[in-house]
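Remarks on the structure that follows.
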Amino acid sequence: METKSRHYEFEGAVFDIPMYYDELAKMYIEEYRNFNENPVWTKNGCPITHTVEEACPFGEWDKPERFYTCGECRFYRQIAPHALIGVCRQEKRQWANKINMQAMRQS
C-alpha cells in the first residue's frame with residue numbers, strides 16, 4: 001500500500017503527518033502523533049496541540065463549569081479546516097516558559 005502524508009508549514013513550524021487508508025471511510029485519514037511526547041513548536045514558541053486534547057490548566061472558556069478540550073479554548077487556533085491540530089497561543093505554554101519552569105524545578 002502506498003505511504004501518504006500531509007505536509008504542514010504553519011507559523012514557522014514544518015512537519016508531516018502520516019496518513020493511512022481507512023477501508024470503512026474509503027479515504028485517507030491523518031494519523032496524529034502524540035504532541036505531548038514529541039512536541040512541535042512554532043517559531044514563536046507556541047506548541048502544536050490536538051483539537052480534542054484535554055485542556056491544560058491555563059485555558060480560558062466562556063463557561064468554566066464543565067470539562068473542556070484545547071479546541072474550545074480561546075487561545076487555540078486550528079491550523080486548517082480539515083485538520084484536528086492547531087496552535088496554542090497561551091503564553092504560559094510557550095517553550096521559553098516551559099524551559100524556565102523546568103529549570104526552576106531542577107534547582
Given the Cα-Cα distance of Trp61 and Tyr21 and 0.36 nm per residue of separation, how much length would full extension add, in nm?
10.9 nm
Is the shape of the stretch 51-98 rounded, prolate or oblate, going by the alpha carbon gyration tensor and its root eigenvalues a ≥ b ≥ c, with a/c under 1.5 for rounded and a/b larger than b/c for prolate?
oblate
If you count only protein heavy atoms with a 1.4 Å probe, what accessible area per residue comes out for the chain, rounded to a whole Å²?
70
Quick check on packing: order 40-50, 72-82 by the mean number of other C-beta atoms within 10 Å, highest mean leading.
40-50, 72-82
Apportionment of accessible area to carbon and sulfur, the chain, percent (1.4 Å)
51
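Charges at C-beta only: +1 for Lys and Arg, -1 for Asp and Glu. How large is the resulting dipole of the stretch 4-94 about its Cα centre, in Debye rounded to 20?
240
Using helices alone, what [θ] at 222 nm do you get for the chain, with -39,500 (n - 2.57) per DSSP H run of 4 or more residues, divided over all residues and rounded to the nearest 500? Intermediate results must be reported in sequence, preceding the final value.
Working: 1 runs with 12 residues, N = 107.
Only helices count here, giving -3500 deg cm²/dmol.
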With Rg and the Kirkwood Rh both taken from Cα atoms, where does Rg over Rh land for the chain?
1.03
0 to 90° range, to nearest 10: angle between helix 95-106 axis and the chain longest Cα axis
60
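The values are calculated or read from the model by the stated rules, or taken from the named source; none is laboratory data. Please read these numbers as outputs of a predicted model, since none were measured by experiment. Because the Cβ atoms are built from the backbone with ideal geometry, glycine has one as well, and the counts that use them run over all protein chains shown. Note: areas computed on protein heavy atoms with side chains; ligands, DNA, RNA excluded. Shrake-Rupley method; radii C 1.70, N 1.55, O 1.52, S 1.80 Å.
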